[in-house]
1. Residues of the range 158-207 being within 17 Å of Ile125 (Cβ to Cβ) and among the acidic types (Asp, Glu), which ones?
2. Scan the range 213-237 and report the pairs whose first residue is touching a residue at least 60 places away in the same chain (Cβ under 8 Å) and whose second residue is part of a strand (DSSP E or B) and of a type in the set (Asp, Glu), with Cβ atoms within less than 6 Å and a gap of 6+ or a chain change.
3. When you scan the range 33-41, do you find a residue that is modelled with pLDDT of 85 or more, surrounded by fewer than 20 Cβ atoms within 10 Å (Cβ to Cβ) and in a strand (DSSP E or B), even just one?
4. Check every one of the strands (runs of 3 or more DSSP E) wholly within the range 145-228 and list those with 3 or more residues that are surrounded by 15 or more Cβ atoms within 10 Å (Cβ to Cβ).
5. Tell me the residue from Lys13, Lys4 that is surrounded by fewer than 13 Cβ atoms within 10 Å (Cβ to Cβ), more than 30 Å from Val251 (Cα to Cα) and either modelled with pLDDT under 50 or touching a helix residue (DSSP H, G or I) at 6+ places or on another chain (Cβ under 9 Å) (or both), please.
6. Does the range 68-79 contain at least one residue that is assigned to a loop (DSSP other than H, G, I, E, B), at pLDDT 90 or above and either closer than 28 Å to Ala161 by Cα or not assigned by TED's automatic domain parsing to the domain that holds Tyr257 (or both)?
7. For the subset of the range 42-79 comprising residues that are of a type in the set (Asp, Glu) and more than 21 Å from Glu159 (Cα to Cα), which member is surrounded by the most Cβ atoms within 10 Å (Cβ to Cβ)?
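The values are calculated or read from the model by the stated rules, or taken from the named source; none is laboratory data. What you are looking at is a predicted structure, and each value in this text was computed from that prediction instead of being measured. Cβ sites come from the backbone with ideal geometry, for glycine too, and all protein chains shown count toward neighbours.
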Amino acid sequence: MVSKAKTSSRRPKTAKSGSASTHARSANTGPLYLQVARALKDGIVSGEYPVGSQLPTEGDLSQRFAVSRHTVREALRRLREDCLVSSRQGVGTVVVPLRDSDSYLHSINSINDLVTCATDTRFRIESIKMVVVDEKLAARAGIPSGDEWLKICGFRYAEEAELPFCWTEYYINREFAAVGRLLNRHSGPIFPLIEDMFGQNVLEVHQEITAALISPAQAREFKVDPATAVLEVRDTYKLADDKTAQVTISVLPASRYHHRVTLQRVKG
């Protein structure tokens, strides 16, 4: 187990030569960044780092745990994904209030972040089948009626959570439906499979968010009141030729989902 980081006004001592990563390697219970993240999480949960306080700098943590700065950055990334801290340039990494264990924070700055969000969760597939798009589905998914698409449905869970945080429907363009053969042993995002299998590149993702009421079946699975309000998030994945490769519709109880988008001003 990684020893807890200790707050001190004195500069941490550099690890002795030959004791590479002494703190973070002591228990050998997974990647170094996870061991560092667990140690910092223990400090947050125990009150060593109270809500509103700043964690030590990357340099201090790197010396304290005798690991690289890259390892520290990955550990801090995991803490952000677990909704334990937030990081801002010029401010540092600050401890934030704990959220419900079944909630999920969705932080997006780029298409690559969509990969990270799905990779750090697990997907339980309920069904995979080809469907003919009717007018109702065409309006909901934004795809042409009469066309045949591969439909994958299931519940997605945050890591170690017992209850799902969303119901997801994937609609895959028939041209790329062969990815369905890989999904029984795949729980991450689907669009990278399309890119790898067919030599395509997703250049744009269009997202729309609307409010709706949960269905009775979903309410039972989520263990929420049948009158619960939900968010319906539709992501449309566009290729270079403007062809739609995939549409994803996610239904999320509002209490379990937190959506964060960072906007930056373009200079010039």
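1. Glu169
2. Arg234/Glu208
3. No - not one qualifying residue is present in the range 33-41.
4. Those strands (runs of 3 or more DSSP E) span 148-158, 166-173.
5. None of the others qualify; the one that does is Lys13.
6. yes
7. Among residues in the range 42-79 that are of a type in the set (Asp, Glu) and more than 21 Å from Glu159 (Cα to Cα), the one surrounded by the most Cβ atoms within 10 Å (Cβ to Cβ) is Glu58.
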